[in-house]
Amino acid sequence: MTERKDPRHQATQAADAPDAPERAPRSYEELGKLGGEAVRAKYGPEFYAEIGRKGAEVGAHKGGERRKEQLGSAGYAAMGRKGGEAVKLRRGAAFYAEIGRKGGEARKQQLDEGEP
């Protein structure tokens, strides 16, 4: 069984070499940017336009629209409930009371300012 290694850990190991310069571990954001730059250098910016066109041809959807079509409205609602329960377990029921209060205050302010 091969072991998957965290790229940030590998960067730290490389920096631990005796002649390596001091360097903080790379974040996934930085690694993703480097990968994107490598792809652009290898295939050119036209590559991104081409894959965008291909996605549009097969009917790619934005956001959760495709997932909602797959699950149906009941499945999508169940997914939301599951996520809500996870948040409640992690943050507690008081979290929902707090965000409800903040939302109510923001809405009251909108109405006071004449927004519909």
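Rule-based calculations on the coordinates, nothing more; no lab input. Because the structure is predicted, anything quoted here is derived from the model rather than measured.
Here are the numbers for this structure:
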{"quantity": "Residue pairs, from the table 54/88; 33/88; 33/54; 54/82, whose Cα atoms sit over 29 Å apart", "calculated": "54/88; 33/88; 54/82"}
{"quantity": "Gain in span if fully extended, residue 69 to residue 98, counting 0.36 nm per residue against the direct Cα distance", "calculated": "7.2 nm"}
